[in-house]
1. Scan ILE21, ILE8 and give me the residue that is in a strand (DSSP E or B) and under 25 Å from ALA329 (Cβ atoms).
2. Go through ALA278, ALA291 for me and flag whichever is modelled with pLDDT of 95 or more and either crowded, with 21+ Cβ neighbours inside 10 Å or of a type in the set (Asp, Glu) (or both).
3. If you take the residues of the range 22-46 that are of a type in the set (Val, Ile, Thr) and surrounded by 24 or more Cβ atoms within 10 Å (Cβ to Cβ), which of them is farthest from ligand 2 (Cβ to nearest atom)?
4. Test of understanding: among ILE106, ILE150, ILE55, ILE98, which residue is among the β-branched types (Val, Ile, Thr), touching a strand residue (DSSP E or B) at 6+ places or on another chain (Cβ under 6 Å) and closer than 30 Å to VAL339 by Cα?
5. So if I check each of ALA366, ALA381, which one is among the hydrophobic types (A, V, I, L, M, F, W, C) and surrounded by fewer than 18 Cβ atoms within 10 Å (Cβ to Cβ)?
6. Does GLN258 meet the test of being of a type in the set (S, T, N, Q), out of contact with any Lys or Arg (no Cβ under 7 Å at 6 or more places or on another chain), surrounded by fewer than 21 Cβ atoms within 10 Å (Cβ to Cβ) and not assigned by TED's automatic domain parsing to the domain that holds ALA19?
7. Conditions first: (1) crowded, with 21+ Cβ neighbours inside 10 Å; (2) farther than 22 Å from THR174 by Cα. GLU229 passes all but one, so which condition is the exception?
8. Based on what the data block shows, is VAL450 in a loop (DSSP other than H, G, I, E, B) and modelled with pLDDT of 95 or more?
Amino acid sequence: MSEHFDVIVIGGGPGGYVAAIRCAQLGLATACIDDRTGADGKPSLGGTCLNVGCIPSKALLDSSEQFHRLEHQFAAHGISVENPAMDVAQMQMRKQGIVDSLTGGIGTLFKANKVTPIHGHGRLMADKNVAILDTESGELRQTISAHNIILATGSIPVELPSVPFDGQFIVDSTGALEFDRVPQRLGIIGAGVIGLELGSVWRRLGSEVVLLEALDKFLPTADANVSREAARQFKKQGLDIRLGAMVEKVNATPNGLQMVYTVGGEEQSVEVDRVVVAVGRKPATQGLLAADCGVSTDQRGFIEVDDHCRTGESGVWAIGDAVRGPMLAHKASEEGVAVAERIAGKPGHVDFNLVPWVIYTDPEIAWAGRTEAQLKEDGVAFKSGSFPFAATGRAKAMENAVGMVKIVAHAETDRVLGVHMIGPHVSELIAECVVAMAFHGSSEDLARIVHAHPTLSEAVHEAALAVEKRAIHKFG
Ligand code: FAD
Ligand code: NAD
């Protein structure tokens, strides 16, 4: 007889591992199957996020930001250093140390919560049986079953047929996190989140970075003022972002790689040493679903679910990057918790309208809720107020007075409908606004709350005051 659990989770990323821990906390016998192997050849929990996504990218962003400040901003503080140098091997070792400690930490959490980890490739069969295949040979090792199954297999990078990955010169985001030296000229296809974050890393370390973006508009999902300010700041930093650029092919030349692209039908080209393809990610469902398992995927390969993460098969759920919605770690985790609670008979809930977005460039970009453009399209009357970091004492003292906060509120009820930020540490500032929005707060509420002085959060306070044109430290 096959081993039986209350819950089997397939995928050990921030969706799957969080769901498994919450299930176990709720008293359910839980197994979590993950197929990822770390650099040391051992199983490595934590999925894309901990191994090759959020965490290693933020480690490199931090290292490169320190280096950039040392080179370009310390002088303003009166600090001088002769011949600063970046030891890329040390930077990569630090990154790997952080990844190893966090991925190892998931194993410890599993042990503490009595989640059974299984290393292997899971395949959902009929009647909630799961076949576990060896990650290398693909051979069937065992079959287990459960009352409930949570599919949390995440996503993988999209490959352009005309620019296939070669693992060395033409790479995906994982390859771009692992360069062992600073490429002199780096070409990035796609000026989205990954292109901007990883482009920033290597630009700060000295690469000439060119980003080729197919769309005519830069960061179209962000607030228009935020994207405009971001484009201005990135240009100042030397990121060469070319819009409306459709990449046709990449040719090997004696001096490197020639990226051939068209802008408005006209062919152009640029020569680089390495190419990063960052044109989006797609759900990872290869080999996951047996024909008779009862779960279907949509045209783009996402596992079909309803608002409660239920698939078409009773007792089978799916969460995270493998299903509709933004591909964000915190969205995956919250879906995991909500599904675990529903399985345990509790009311699980995720407010999909309030998933914050953060881009960890410098300046950082963060937003939650609706943009002015979306509200206009929906015919919702709104008012807005904004406040620049240049007018806050703390940002000035930090030598980082760039960007602004904008608060958008309903014209009549004053309920906060969206908050849009670009500037220092806005990845942290957005949380206050998400809380206010979750509690259906108004701009008046934010305006009446005492914010400590001098802090960056005063920009949120003043933006809230600006909604009714009564910001104190701003003209007009
Ligand atoms: P994943 O993290 O992809 O985990 C799925 C796991 O399941 C993987 O380990 C996979 O190998 C395994 N698996 C797949 N199929 C099977 C199978 N059949 N059997 C067993 N195991 C299987 N998001 C943020 O919110 N903030 C960030 O700053 C951020 N930065 C990012 C930076 C980069 C470079 C990248 C690539 C992504 C980043 N993301 C970020 C996105 C984030 O990583 C994903 O949204 C998140 O990891 C999705 O979680 P998940 O659990 O759905 O899937
Ligand atoms: P993305 O969707 O953010 O950006 C891809 C960009 O590539 C888009 O602007 C698109 O127009 C462009 N593009 C597509 N095809 C192209 C082509 N042929 N030529 C030129 N440009 C092309 O995707 P991404 O940057 O690959 O990131 C994938 C996902 O990972 C993100 O959507 C996000 O959900 C997640 N992520 C999040 C964070 C974060 O939260 N800070 C960081 C990294 C990744």
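The values are calculated or read from the model by the stated rules, or taken from the named source; none is laboratory data. Note that the coordinates shown come from a computational prediction; the quantities given were computed from them, not determined experimentally. Ideal geometry is used to build each Cβ from the backbone, glycine not excepted, and the neighbour counts take in all protein chains shown.
1. ILE8
2. Within the list ALA278, ALA291, the selection yields ALA278.
3. Filtering first and then ranking leaves THR30.
4. After ruling out the rest, the residue left standing is ILE150.
5. ALA381
6. yes
7. Failing condition for GLU229: (1).
8. Yes, satisfied.
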